[in-house]
1. Taking chain A as a Gaussian network, Cα atoms linked when under 10 Å apart, which of A:A264, A:A144, A:A346 shows the biggest mean-square fluctuation?
2. For chain A, give the magnitude of the charge dipole about the Cα centre (Cβ charges: +1 Lys/Arg, -1 Asp/Glu; no others), in debye to the nearest 20.
3. Using a label position 7 Å from Cα in the Cα→Cβ direction, what is the ascending list of nm distances from B:L365 to the same site in the other copies?
4. Could you state the number of Å between the C-alpha centres of segment A:281-295 and segment B:106-129?
5. With the label 7 angstrom out along Cα to Cβ, how close does A:D275 come to the same site in each of the other copies, in nm, nearest first?
6. Using a Förster distance of 22 angstrom, determine the FRET efficiency expected from the C-beta separation of B:M45 and B:E105, and round it to 0.05.
7. Separation between the B:N328 and B:R285 pseudo-spin-labels, each 7 Å from Cα along Cα→Cβ, expressed in nm?
8. What is the sum of charges, Lys and Arg at +1 and Asp and Glu at -1, for the other residues whose Cβ falls under 9 Å from the Cβ of B:S244?
Protein chains: 2
Amino acid sequence: MNEPMLAGLRILDLTRALAGPTCTRMLVEMGAEVIKVEPAPGGEMTRYFAQLRGHERSLYYIQQNRGKKSVCVDLRNREGLALVKELVQHVDVVVENFKPGVIAEMGMGFEALQAVKPDIVLCSISALGQSGPLSGKPGYDYIAQAYSGVTSMIGDPDQPPYIPLVGIGDVSTGVHGALAILAALRYRDRTGRGQHLDIGLLDVYYHCHEMNVLLYSGSNGQTEPRRTGRHVTYVCPAGVFRASGERDVTIMGFLHHWKDLCAAIGRQDLAAHPDWDTDAKRLTRRPEIISMIETWLQSFADADEAIKVLEAHNVPCAPVLSVAETVNEPHLRERGTVRTITDRVAGTFDIPGFPLRFSDFPEPLALEAPLLGEHNAAVLIEVLGKSRAELERLQAAGVLIEKPC
Amino acid sequence: MNEPMLAGLRILDLTRALAGPTCTRMLVEMGAEVIKVEPAPGGEMTRYFAQLRGHERSLYYIQQNRGKKSVCVDLRNREGLALVKELVQHVDVVVENFKPGVIAEMGMGFEALQAVKPDIVLCSISALGQSGPLSGKPGYDYIAQAYSGVTSMIGDPDQPPYIPLVGIGDVSTGVHGALAILAALRYRDRTGRGQHLDIGLLDVYYHCHEMNVLLYSGSNGQTEPRRTGRHVTYVCPAGVFRASGERDVTIMGFLHHWKDLCAAIGRQDLAAHPDWDTDAKRLTRRPEIISMIETWLQSFADADEAIKVLEAHNVPCAPVLSVAETVNEPHLRERGTVRTITDRVAGTFDIPGFPLRFSDFPEPLALEAPLLGEHNAAVLIEVLGKSRAELERLQAAGVLIEKPC
């Protein structure tokens, strides 16, 4: 077995909740050493989410923190904070997602870190960014999403919009942070220079606008992108259709797929019909086309039968799977998209698998989520070179905390 | 000025549409050299999208391909394909997002690339992945989203779901690909080993499930995550609320924010009330709470006035901005989240800015989108060492194409 890709990198992880821990989760899954500092006495906030197995072990914490080392320190204690600062000398990267300004108030702003480790990379993750008039506002995924214009593009035009009940902005922001870190390390390796990285959910959401910003600006404000329901705005047909048994089906039948769709639904007469043969023309008759497709779908007793016909004609389509269905979908199982893990305390359950696949590493690393403060001793003694007596003194003083879950 | 972070890296870019070009866009924005191969005679498909300025220059193509070099080659011609293969010897990374299997049919599968460049990194981006029973299906963002269970989590429970009208899966997948590439290069630099990377939208969407997969599995199937409308499922209040003038406002008033929200709306009596003081209790009276908040919001003539009161009480909140509004929002302008660029053909317009911020590079690189085949000569002569006579022969034969837009 090769050493993992990021072997030799050491990360000091001051993050909590979702975006920050996703950043360091990506790095630990590729073999970086991640030392997670958790605030005494209780540890990171997510240790109290999704305690589903009749005891205090959080499935949420496990999902986000497998493979990390846990050091639980009283950060309001002078000695505790000094230990964390001392760790900076021994790491390549510090990642934090406090509210902007807090890390500097703790005496660990970028300049302070540079003073102890000149080539340090500090990655700051936040909702609205480290600068600008809104940066001081309290932020969450959906707050950034609202400011980005993304929320405005979900739902029907005459009703309030919807929010996707997944952590899509937080998770993507964590991945953006991991990318920025590896780029900054490549630069550090060549030049010896550290950097401060500023990664915001708002910026991340905003660059997901494929067409919207350029359409508005490029048309000099003539085109104002707005939510238009369950169907793509610029081509047709493309969207979510209701089939039999309340099963919904996503179908992409635009451009060259139109003729395949026509063949699938037995309307070859429309494939090259001069009133139907371009997306622009079809957009003018969208309700009619949606109705035609849904009538066809509902002529089958079962949506899966209709999907088979669409697939036989090579029409891009998919059943809208519920979360429960995804867990049992063979394709997701075979690829490890859904992955079963076993935690020493909470037992066996499923989580989303690591989303990157590397040919030299066909099997994911065996990683275990830490107990609270599990690595206090290892980090203090092996990384910081403290004595066991010093460790015991700090434990007795409550500066370091350990718990069996 | 320092050399940019990824100076010295050279990428062969065979991608089209959104996910693949976003991957190489991230790399070029950090200073990698990206050689984009476009199929003769017309070039990449997106050159025909969003031609908004009265001529054939595509704003979409510009947004996604600034800074890349364009080589336009007839890939169905033996000599043309040979040129592309020859380029592999001179690059660090090849990125492609053809349908799985196509790159191998072109004679450029991973083993074939390794034969000419043993430490090559090949990044393959697709909708459903390179392996598994569904990998052969034609794929788009929304197809992967449907299979991932993400679509099922957007909308009302008794209606078909909605799709966000942004490129969130494609863009995030491109960023995941860029992260995988930098990790693989770090490993290559240490070990001399190339790799084949398999990045799928389905895997990317799936790991955005923050709570859903573990709640289903961790509860042994007792909890089935489903879409529940405009409000977060597990805490309350948190979601999208309608204010005056059809303005929608996102408010996060759960946990410790509840008492601040109560103060903001003049209901301090509920802050510590034993029927309202936890998220679990508030979830049981969600319709009542939504109604109370919306009534309060609508008591203001203007949503902005209500937002000021919420902000004064430190309640996380945001107006749901339309895309048109984001373009003029001072915070987004100040941070460069929305960025004005000038193209030599299409003129001046706005695009989403590069989402990563680095302290050593406060200004984004000046990048220009290529004309079709603009770099045919530069790449053939400077990279491949061909003669000008050879270049002219290939141009005359139509193997290489150039166009002034």
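Just so you know, all these numbers are worked out from the coordinates, no wet-lab data involved. Note that the structure is a prediction, hence the values are computed from the model and not measured. Counting neighbours? That spans all protein chains shown, and the Cβs are built from the backbone with ideal geometry, glycine included.
1. Ranking A:A264, A:A144, A:A346 by mean-square fluctuation puts A:A264 first.
2. Numbers: 41 positive and 50 negative charges, 139 e Å.
Computed about the Cα centre, the dipole is about 660 debye.
3. Distances between equivalent label points, in nm: 2.9.
4. 41
5. Copy-to-copy label distances at A:D275, shortest first: 6.0 nm.
6. Values: r = 19 Å, r/R0 = 0.87.
Once the sixth-power term is evaluated, E becomes 0.70.
7. Those two pseudo-labels are separated by 4.1 nm.
8. Numbers: positive: B:R242, B:R247; negative: B:E246, B:D302, B:E305.
It works out to a net charge of -1.
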